[in-house]
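Have a look at the structure below, then the notes.
Since every read-out is calculated from the coordinates, none of them should be taken as a lab result. Model, not experiment: these values are computed from the prediction. Positions of Cβ are backbone-derived with ideal geometry, glycine not excepted, and every protein chain shown enters the neighbour counts.
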Amino acid sequence: MIDGGGRDGRCQTIEGIDMPLREAAREMRDVYANEIARAVHAGQEPDPFAVVSWAKYEAEATSGEPPRT
């Protein structure tokens, strides 16, 4: 679970490990991407919550970064 953290753009996990918010967003984006890929590979519809969550974390993970080419 992630705690909101301080004003320096970092968050703190329950385990006490500091991680930049964008890095945490990338990790969560990848978790949801893997869940979606597993469902698609199995011939199933991905969970709509996973798709919405992936989109939110993708937006946060790439905000302020140059566009991918």
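As a length-normalised measure over Cα pairs under 8 Å and 6 or more apart, the relative contact order of the range 21-64 settles at 54 percent. Each residue of the range 22-34 was assigned a 3J(HN,Hα) from its phi angle through the Karplus curve 6.51 cos²θ - 1.76 cosθ + 1.60 (θ = phi - 60°); the sequence is 5, 5, 4, 5, 4, 5, 5, 4, 5, 4, 5, 4, 5 Hz, with glycine and proline shown as x. Relative to the Cα centre, the charge distribution of the range 21-64, modelled as +1 at Lys and Arg Cβ and -1 at Asp and Glu Cβ, gives a dipole magnitude of about 80 debye.
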